[in-house]
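Q: So that we are looking at the same thing, I have put the structure below in structure tokens.
The values are calculated or read from the model by the stated rules, or taken from the named source; none is laboratory data. Please read all numbers here as calculations on a predicted model, not as lab measurements. Note: ideal-geometry Cβ built from the backbone for every residue, glycine included; neighbour counts use all protein chains shown.
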Amino acid sequence: MRLLLLFILLTLNLSLEAMPLDGIAVVVDDDVILKSEIQARTNDVLFHLQQDNTPTPPEDELHQQIINQLIVESIQLQMARRAGIKIDDDTLNRAMTGLATQNHVSLDAFRDQLNHTPGTSYEAVRTQIRHEIMIDRLRNHEIGSRIHITDQNIKAFLASPAGKAALATQYHLAQILISLPDHPTPEQLTAAEHKASSVYLQLQNGGNFEQISATQSQADNALEGGDLGWRTDAQLPSLFASAVPGMKAGDVLAPVRNSTGFHILKLLDKKTATQHLVHQTACSHILIKSSEVQSEAEAHEKILRIYDRLKKGGDFAQLAQLYSGDPGSARTGGSLGWVTAGEMVPEFEKVMNTTPVGQFSAPFQSRFGWHILKVTGTRDQDMSLEYQEDIARRALYQQQYDDELQGWLREIRAQAYVDIKHD
């Protein structure tokens with residue numbers, strides 16, 4: 001992500017080159033690109049190339065690439081605004097928090113660093129992220145309408161080598177390393193072995209893996225809990241390749257030695273597309289909403305009266321049919337059917353997950369209004385086939401998306417009015 005690179009640049013406290021006197025460099029339909037924008041983007045690209053030890057292209061070629069990039073971005077932003085695409089503050093705040101988290105700082109620290117870095121500010125980066133999200137949403141709408149995936153496409157993908165690879169079992173691993181020098185003496189070897197055994201014993205007795213990693217491990221990711229990320233069978237470290245498939249989530253492998261030291265491996269999680277169980281909850285609800293004729297206070301008072309009737313033995317389905325403001329579920333006594341995690345708003349899901357089967361909740365509020373819900377059952381549903389088809393659909397979508405995107409970008413660039421004034 002380009003903004004992630006920009007943040008790294010800023011946290012290193014590198015000074016931007018002096019900006020030239022500002023002026024219009026390019027006119028793009030109803031927008032303009034300033035000379036300072038071109039210079040800022042150039043600084044960013046040059047820093048990225050230097051960090052990757054990539055030779056810098058000729059100045060004129062780099063200059064042209066950057067201008068073209070800014071032109072296409074301007075066209076897309078204008079299209080997004082005309083389409084009425086807006087990014088609410090909650091979405092933007094989550095994106096900013098995520099960006100700060102990726103760089104291992106709090107949001108407040110992120111804001112302070114940006115506001116104390118010459119040439120930028122927290123609000124400037126926030127605006128850039130807003131633009132990137134707008135462009136993403138525009139692309140998803142425009143490109144999505146061009147993509148067509150059939151059932152036959154899905155079957156063919158699942159039968160292909162790429163499909164089989166996509167369905168391979170994946171393992172989320174973490175390790176603690178007790179390192180050895182290149183040519184350890186017997187004493188060093190014994191000391192390292194004793195330390196590894198001590199660490200393993202701590203883990204067996206319930207020690208926190210992340211905490212022990214941070215204090216005992218010599219791996220370069222020790223402060224990140226030794227997290228190795230998700231690996232397929234083919235990507236497993238050879239040292240553990242035979243042992244990992246037989247492990248269960250939470251298992252810790254006894255220390256294994258190689259030339260670098262003693263490794264202690266933990267399987268954090270395991271997932272396979274050939275067996276995908278999904279926990280579901282069957283529930284019903286009664287919804288009371290405020291409206292032009294019913295104030296928020298009146299809606300709250302009404303849900304409390306319904307709750308009182310339920311506590312006195314009132315029939316939930318009958319009350320839902322009579323009073324619920326959700327017409328889709330009211331017709332069936334408030335039934336929402338089987339609900340999978342992530343389908344409902346967080347407030348609803350939190351109450352649903354803490355309400356015992358056969359019981360109804362106290363009134364609670366979401367952005368839709370006031371609810372009372374009743375849990376009627378739970379199950380672990382085998383969604384393996386649906387999960388496999390979803391993996392295939394997403395892979396095929398991404399393949400077509402990349403091809404369609406380039407064609408669409410050429411089209412909108414050709415249709416736009418562009419006047420390059422800056423040489």
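Here is a yes/no grid of residues against (1) out of contact with any Asp or Glu (no Cβ under 9 Å at 6 or more places or on another chain); (2) closer than 15 Å to Gln280 by Cα; (3) not in a loop (DSSP other than H, G, I, E, B):
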| residue | (1), (2), (3) |
| --- | --- |
| Gly325 | yes, no, no |
| Val339 | no, yes, yes |
| Met344 | yes, yes, no |
| Glu347 | yes, no, yes |
| Met352 | yes, yes, yes |
| Val375 | yes, yes, yes |
| Leu385 | yes, no, yes |
| Ile391 | yes, no, yes |
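Q: In the range 393-419, which residue that is assigned to a helix (DSSP H, G or I) and among the hydrophobic types (A, V, I, L, M, F, W, C) is surrounded by the fewest Cβ atoms within 10 Å (Cβ to Cβ)?
A: The first filter runs over the range 393-419 and keeps only residues assigned to a helix (DSSP H, G or I), leaving 393-415.
Those left that are additionally among the hydrophobic types (A, V, I, L, M, F, W, C): 395-396, 405, 408-409, 412, 414.
Numbers: Ala395: 19, Leu396: 20, Leu405: 14, Trp408: 16, Leu409: 15, Ile412: 14, Ala414: 8.
Checked the range 393-419; the qualifying residue surrounded by the fewest Cβ atoms within 10 Å (Cβ to Cβ) is Ala414.
Q: What's the total number of residues in the range 256-294 that are within 20 Å of Ala330 (Cβ to Cβ) and either in the same structural domain as Gln188 (by TED's automatic domain parsing) or touching a residue at least 40 places away in the same chain (Cβ under 8 Å) (or both)?
A: Within the range 256-294, residues that are within 20 Å of Ala330 (Cβ to Cβ) and either in the same structural domain as Gln188 (by TED's automatic domain parsing) or touching a residue at least 40 places away in the same chain (Cβ under 8 Å) (or both) number 10.
Q: Please enumerate the residues belonging to the range 384-421 that are among the hydrophobic types (A, V, I, L, M, F, W, C) and under 20 Å from Ala156 (Cα atoms).
A: Taking the range 384-421 and keeping what is among the hydrophobic types (A, V, I, L, M, F, W, C), we get 385, 391-392, 395-396, 405, 408-409, 412, 414, 416, 418, 420.
Listed by number, the residues that qualify are Leu385, Ile391, Ala392, Ala395, Leu396.
Q: Sticking with this structure for a sec: Step by step: first the residues of the range 222-240, then only those that are surrounded by fewer than 18 Cβ atoms within 10 Å (Cβ to Cβ) and under 17 Å from Gly261 (Cα atoms), then the one that is nearest to the chain's Cα centre (by Cα). Which residue is that?
A: Of everything passing the filter in the range 222-240, Pro237 is nearest to the chain's Cα centre (by Cα).
Q: Being of a type in the set (Lys, Arg) and in contact with a strand residue (DSSP E or B) (Cβ under 6 Å, 6 or more places away or on another chain) is the filter here; which residues of the range 358-378 pass it? I'd like the intermediate steps shown before the answer.
A: First pass over the range 358-378, keeping only residues of a type in the set (Lys, Arg): 367, 374.
Lys374, the sole residue that qualifies.
Q: Moving on. Take the range 211-221 and flag every residue that is without any contact (Cβ under 8 Å) to a residue 40 or more places away in the chain and either in contact with a His (Cβ under 9 Å, 6 or more places away or on another chain) or loosely packed, with under 15 Cβ neighbours inside 10 Å (or both).
A: Within the range 211-221, the subset without any contact (Cβ under 8 Å) to a residue 40 or more places away in the chain is 211-215, 220-221.
Passing the criteria: Gln211, Thr215, Asp220.
Q: If you check Gln188 against the conditions, is it touching a Leu at 6+ places or on another chain (Cβ under 9 Å) and assigned by TED's automatic domain parsing to the domain that holds Gly261? Can you show your working first?
A: Numbers: touching a Leu at 6+ places or on another chain (Cβ under 9 Å): yes; assigned by TED's automatic domain parsing to the domain that holds Gly261: yes.
Criteria met by Gln188.
Q: Can you confirm whether the range 269-292 contains a residue that is more than 30 Å from Leu336 (Cα to Cα) and either of a type in the set (A, V, I, L, M, F, W, C) or surrounded by 15 or more Cβ atoms within 10 Å (Cβ to Cβ) (or both)?
A: Of all residues in the range 269-292, those more than 30 Å from Leu336 (Cα to Cα) come to 269-270.
Filter once more, keeping what is either of a type in the set (A, V, I, L, M, F, W, C) or surrounded by 15 or more Cβ atoms within 10 Å (Cβ to Cβ) (or both): 270.
Yes, the range 269-292 contains at least one residue that is more than 30 Å from Leu336 (Cα to Cα) and either of a type in the set (A, V, I, L, M, F, W, C) or surrounded by 15 or more Cβ atoms within 10 Å (Cβ to Cβ) (or both).
Q: Please work out if Ile75 is in the same structural domain as Asp22 (by TED's automatic domain parsing), surrounded by 14 or more Cβ atoms within 10 Å (Cβ to Cβ), assigned to a helix (DSSP H, G or I) and within 20 Å of the chain's Cα centre (by Cα).
A: Answer is no for this residue.
Q: Mind telling me which of the residues Ala219, Ala249 ends up being modelled with pLDDT under 90, outside the structural domain of Thr378 (by TED's automatic domain parsing) and either farther than 16 Å from His371 by Cα or assigned to a loop (DSSP other than H, G, I, E, B) (or both)? Give the steps one after another, and end with the answer.
A: On the way: Ala249 fails: modelled with pLDDT under 90.
Within the list Ala219, Ala249, the selection yields Ala219.
Q: Which count do you get for residues in the range 127-149 that are surrounded by 13 or more Cβ atoms within 10 Å (Cβ to Cβ) and within 17 Å of Ser74 (Cα to Cα)?
A: Going through the range 127-149, the residues surrounded by 13 or more Cβ atoms within 10 Å (Cβ to Cβ) turn out to be 128-139, 141-143, 146-147, 149.
Pick out the ones that are also within 17 Å of Ser74 (Cα to Cα) and you get 128-139, 142.
Result for the range 127-149: 13.
Q: Take Ala297 and decide whether it is of a type in the set (Gly, Ala, Ser), assigned to a strand (DSSP E or B) and either in contact (Cβ under 8 Å) with a residue 60 or more places away in the chain or out of contact with any Lys or Arg (no Cβ under 6 Å at 6 or more places or on another chain) (or both).
A: On the way: of a type in the set (Gly, Ala, Ser): yes; assigned to a strand (DSSP E or B): no; either in contact (Cβ under 8 Å) with a residue 60 or more places away in the chain or out of contact with any Lys or Arg (no Cβ under 6 Å at 6 or more places or on another chain) (or both): yes.
For Ala297, the condition - of a type in the set (Gly, Ala, Ser), assigned to a strand (DSSP E or B) and either in contact (Cβ under 8 Å) with a residue 60 or more places away in the chain or out of contact with any Lys or Arg (no Cβ under 6 Å at 6 or more places or on another chain) (or both) - is not met.
Q: Give the number of residues within the range 357-373 that are hydrophobic (A, V, I, L, M, F, W, C) and over 13 Å from His285 (Cα atoms). Give the steps one after another, and end with the answer.
A: Taking the range 357-373 as the starting set, the residues that turn out to be hydrophobic (A, V, I, L, M, F, W, C) are 357, 360, 362, 364, 368, 370, 372-373.
Now restrict to residues that are over 13 Å from His285 (Cα atoms): 357.
Of the residues in the range 357-373, 1 are hydrophobic (A, V, I, L, M, F, W, C) and over 13 Å from His285 (Cα atoms).
Q: Now for a different question. Residues in the range 295-316: is at least one surrounded by 17 or more Cβ atoms within 10 Å (Cβ to Cβ), out of contact with any Asp or Glu (no Cβ under 9 Å at 6 or more places or on another chain) and under 29 Å from Met383 (Cβ atoms)?
A: yes
Q: Quick one: in the range 358-373, of everything that is among the small types (Gly, Ala, Ser) and in a strand (DSSP E or B), which residue is nearest to Ile303 (Cα to Cα)?
A: So the residue we want is Gly369.
Q: Same structure again: Look at Leu62 and say whether it is assigned by TED's automatic domain parsing to the domain that holds Leu138, more than 24 Å from Ile133 (Cα to Cα) and surrounded by 15 or more Cβ atoms within 10 Å (Cβ to Cβ). Before you say what the answer is, go through the steps one by one.
A: Values: assigned by TED's automatic domain parsing to the domain that holds Leu138: yes; more than 24 Å from Ile133 (Cα to Cα): yes; surrounded by 15 or more Cβ atoms within 10 Å (Cβ to Cβ): yes.
So Leu62 fits the description; yes.
Q: Of the residues that make up the range 183-192, is at least one within 23 Å of Asn103 (Cβ to Cβ), in a helix (DSSP H, G or I) and out of contact with any Asp or Glu (no Cβ under 7 Å at 6 or more places or on another chain)?
A: From the range 183-192, those within 23 Å of Asn103 (Cβ to Cβ) are none; that's our starting set.
No: zero hits.
Q: Which one is nearest to Arg394 (Cα to Cα) among residues in the range 116-170 that are touching a residue at least 40 places away in the same chain (Cβ under 8 Å) and polar (S, T, N, Q)?
A: Asn153
Q: Turning to a different aspect of this structure: Can you tell me which residue is surrounded by the fewest Cβ atoms within 10 Å (Cβ to Cβ) among those in the range 99-126 that are touching a helix residue (DSSP H, G or I) at 6+ places or on another chain (Cβ under 6 Å) and of a type in the set (Gly, Ala, Ser)?
A: Across the range 99-126, the extreme among qualifying residues is Ser121.
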